[in-house]
Every structure is written in structure tokens, then in C-alpha cells.
Amino acid sequence: MEQTLSIIKPDGVKKNIIGEVIRRFEANGLTVKAMRMLHMSKEEAQGFYAVHKERPFYDSLTDFMCSSPVVVMVLQGENAISLNRTIMGATNFKEADEGTIRRDYATSVESNIVHGSDAPETAAWEIAYFFSALDIMA
Ligand code: IDP
């Protein structure tokens, strides 16, 4: 069993598809082990995406991520990290496979509805960024 961090980004929350996104995770074998809604500060968004701080889209991305509330979750399942990314679809929704969350709902490369950890080390770091061990169900 593996755990990964998922975020329903501001555009997903505004579109009122929190339930639909979680439905897709659950229907594909992922289980929610922790969940919280929060409105990040600019500093918290910058900290979360620090790995991208040299990228040209960093300032716009961190503005977007703190523009309104998000839902953060710990998802668990077999190969949860790659499974979640398969359900999400490619970063650029135009390249995402049919039936993926980003293909169905994203409106730009930036506003792409969901975040998902990309490797075990980043998953551990990202989960700890938002949750303490006590927040995560056994
Ligand atoms: P990922 O979310 O699919 O792992 P990353 O390359 O880690 O993709 O990028 C993080 C986030 O930054 C993306 O989900 C997207 O919101 C945003 N992003 C990535 N590339 C671009 C870009 O070229 N322009 C604008 N935003 C981008």
C-alpha cells in the first residue's frame, strides 16, 4: 500500500466538482485517509511549490493556488502515486487521455483541477506539509 497527496485546486473547488473528483479516486481503487479544506496564503503556496521557484510560471501558479480554498487529501492504494496521476491525466489537459480529470475539466495548463505527488519522496514531503501523523487514518 502506498500513500500520495492530492489537492483539488481552486478551479476544481469553484466548479463544484469536489464530489466528482473524489468519486473518480474511489471508483478507481484509492481510499481517502485524510482530508481538509484550507485557503493557502501566498507564502504557503510558495513553500509547497518551492521546487518550481525558478520556473517562469511560479509566481502565477502560487497566486492561483492561494486565490481561493483548496481540498487536500491523503489517498491510499496499491501504486497510489502513479494510479492517482493516471486518473488525473497529463499536466497539459490538451495532452491528457480521454476520461481523465484534467481532460474533462481543466481549462488551461495552470488551471488543471488537481495536484498529485509524483514520487515516493515527494509524496512523503507533501503529506507532511499539510498533515500530521495523527490526522491520517490507519
Ligand atoms: P503536475 O502538476 O502534473 O505534476 P508540474 O510540472 O509539477 O505538473 O507543474 C505543477 C503545476 O504548475 C501544474 O499542475 C500546473 O498547474 C502548473 N504548470 C506547469 N507547467 C506550466 C506552464 O507551462 N504554464 C503554466 N502553468 C504550468
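The values are calculated or read from the model by the stated rules, or taken from the named source; none is laboratory data. All values reported here derive from a predicted model rather than from experimental measurement. Cβ coordinates were reconstructed from backbone atoms using ideal geometry, including for glycine residues, and neighbour counts include every protein chain displayed. Keep in mind that these areas ignore ligands, DNA and RNA; they rest on the heavy atoms of the full protein, side chains included. Shrake-Rupley method; radii C 1.70, N 1.55, O 1.52, S 1.80 Å.
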query = Expressed in nm to one decimal, what extension gain is obtained for the pair Thr91 and Asn16 from 0.36 nm per residue of sequence separation less their Cα-Cα distance?
reply = 24.9 nm
query = When ligands, DNA and RNA are left out and all protein chains stay put, how many square angstrom of accessible area per residue does the chain have with a 1.4 Å probe?
reply = 51
ask   = Treating the beta-carbon of each Lys and Arg as +1 and of each Asp and Glu as -1, no other charges, what is the dipole magnitude of segment 23-65 about its Cα centre, to the nearest 20 debye?
value = 280
ask   = Can you run phi through the Karplus equation (6.51, -1.76, 1.60; θ = phi - 60°) for segment 103-109 and list ³J(HN,Hα) in whole Hz, with x for Gly and Pro?
value = 4, 7, 10, 5, 10, 7, 4
task = For the chain, give the percent of accessible area contributed by carbon and sulfur heavy atoms, probe 1.4 Å, rounded to a whole number.
result = 52
remark   = Here the alpha-carbon Rg of the chain over 2.2 N^0.38 Å rounds to 0.96
query = Length gain on complete extension for the stretch Tyr49 to Met1, per 0.36 nm per residue less the alpha carbon to alpha carbon distance?
reply = 14.7 nm
Lys, Arg +1 and Asp, Glu -1 on Cβ, resulting dipole of segment 13-138 about Cα centre, debye, nearest 20 = 280
